[in-house]
Each structure stands twice: as structure tokens, then as C-alpha cells.
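Working notes for the structure below.
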Amino acid sequence: MPSKASNVWIANLSHTFKKQTKPTLKDINLSIPKGQLTALIGRSGCGKSTLLQMIAGLLIPSDGAIRINGHTVTKPSAKWNMMFQKPSLYPWMTVRENAALGLVFSGTYKDKKDKVEDLLDMVGLAEHKDKNVQQLSGGQQQRVALARSLATEPEILLLDEPFSALDAFTRTSLQNEVSQICHDQGITMVMVTHDIEEAVAMADKVIIMSQNPGEIVGELSVDFSYPRDRSSDAFNILKEQLFAEFEKIDQAKQKALQETA
Ligand SMILES: Nc1ncnc2c1ncn2[C@@H]1O[C@H](COP(=O)(O)OP(=O)(O)OP(=O)(O)O)[C@@H](O)[C@H]1O
Ligand SMILES: [Mg+2]
């Protein structure tokens, strides 16, 4: 049974897409505690986005179950927000209108107007609020999507490589801001990333996935306090340890696959 402390609980989840013979995800078991930030890392194609979409209720696994606060996930909910790999914005709307969308849908925009302004300032779009989103760069559009995801104060935030299109300076400051916001507001966050430094900078726990089929093959707890000092020895030792662990597991699996081929 799911433990009371866990917010997201995944049990024996496997998934094979239609018309495929091999599973994309196999025997995934994961418990994500409330208010914690979990990072999923793994090579391209190992099933990270698929798993995230399943937590969001956008895809239903062919086997196993996902429960959030004890309820089986069967469809999307307003309590959790997913930010996709590519920002899905309405091209005919302004930056402010796009960022406010979740609040407009829930009928709370009038009371929370300031929140949208504050979040757009935080993500560095203060001077672009009245622009049409089509006038923005890809990275700026991604920041609009991030502001929109945070505006509704979701219980769970699911982020699929949220910072990959950003320049290094913006990326570092947003990594710090977003992990701070999530911890301050008690938001449970699951984030997919390719970036080992990003995982160590933001996550309470890092889950390592491998591919063919997508499986969980390791995990690492990160116990540093926030904001994290990226120049500290401890930070860099952990980063290297995670990289080495990832490589070791990955190579062992590729070797095993070659032997059975
Ligand atoms: N709708 C679909 N139908 C069939 N196969 C799919 C579908 N969606 C994804 N896949 C396959 O499932 C596997 C996992 O895809 P997924 O997008 O979850 O990978 P990922 O780990 O997020 O990769 P990346 O890091 O490149 O984003 C891939 O081999 C992909 O081709
Ligand atoms: Mg993906």
C-alpha cells in the first residue's frame, strides 16, 4: 500500500505502445514524497517523457498503476501542472495572457493578478509582458510556460527539460529560483533532465533510468541545503559520483544487451 507520506506512488508500471512489441517502460516502482523535488535522468529515448505524461494522467500505462494521494490517476487534474519539452503557448495571445491562462480557467485571475506580474518579473520577462508570444525567442517562450505553470500554485509540478533552451546564466538563476519556490510552497516536483549538474543543483533525489527497456537502475539522495553552492567540493564530488554511476550502469546494460542480441 502507498505510504501516507508519499504523494506520488508508482507500482509495477510497464508500458508497451500500440503496434510495438517491446516495452518502452518496464517494472517501474517509485515513491515520490510530498514537497520533494525528484529528478529523472537518462539517455534520450529511455522513456522519461512517457513516464512524466503518465504521472500527469495524459497517458495510461498498459500495466501497473500510478496513485496520487491514494487515488489512481486516470486523467489530468487541475491540481498538477505539466510543462512540456516544447512550450505550448497560444500564439495569438500576449505573454501576460498566456501566463495568466491557468488562473483564468480556474476563475481566480482577478484575485491573483499580482502573482502573474511577479512570476513574469522573476523569469526575466518584465519588459515583454504586452508582447505577442510569437515575438519572443524559444527560451523566452519557455519562461512564459514556466510562469504559467507556477501561477496556479499546483500541488505537483511536472517539468520536462524545462531549462534546456535557456542560456547558461538564465538557466542557473531559474534552477535556483524554481527549487526555492517549490520548497517554500511545498510543491512536489518531478523534473526530467539530461543535465547532471541541474539534477544535483535542484533535486532532493535523483532517479537514474536506463533504456531498452526504460527501467529505474539507480537512485541518489542529495542532502545539501538550498541555495546550493555549486563551487563547493561536496557539490562537485557528488556530481562526479552521479556521472560515474550513470556511466557504469549504462555501459553494463549496453554490454548485457549486446550479449543477448
Ligand atoms: N506515441 C508513441 N508511440 C510509439 N512510440 C512512442 C510514442 N511516444 C514515445 N515513443 C517511444 O518511446 C520511447 C521513449 O520516448 P520518450 O519520449 O519517453 O523518451 P525520453 O526519455 O523522454 O527521450 P528524450 O530525452 O529524447 O526526450 C522512444 O523510443 C519513443 O520513440
Ligand atoms: Mg523526453
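General remarks:
- For segment 182-214, a tally of residues being within 16 Å of ligand 2 (Cβ to nearest atom) and among the acidic types (Asp, Glu) returns 2.
- Wholly enclosed strands (runs of 3 or more DSSP E) of segment 27-146 bearing at least 1 residues surrounded by fewer than 16 Cβ atoms within 10 Å (Cβ to Cβ): 63-68
- Flag for residue 14 being more than 18 Å from the chain's Cα centre (by Cα) and within 30 Å of residue 245 (Cβ to Cβ): yes
- Tabulated pairs, segment 36-47, first closer than 24 Å to residue 17 by Cβ and near ligand 1 (Cβ under 8 Å from one of its atoms), second at pLDDT 95 or above and not in a strand (DSSP E or B), C-beta under 6 angstrom, 6+ apart or interchain: 42/48; 47/24
- Of everything in segment 132-165 that is within 16 Å of ligand 2 (Cβ to nearest atom) and among the aliphatic types (A, V, I, L, M), the residue that is nearest to residue 81 (Cα to Cα) is 158.
- Looking only at segment 206-245, and only at residues there that are in contact with a helix residue (DSSP H, G or I) (Cβ under 7 Å, 6 or more places away or on another chain) and in a helix (DSSP H, G or I), the one that is farthest from residue 46 (Cα to Cα): 235
The values are calculated or read from the model by the stated rules, or taken from the named source; none is laboratory data. Every value quoted in this text rests on a predicted model; they were computed, and no experiment measured them. Backbone-built Cβ (ideal geometry, glycine too); neighbour counts: all protein chains shown.
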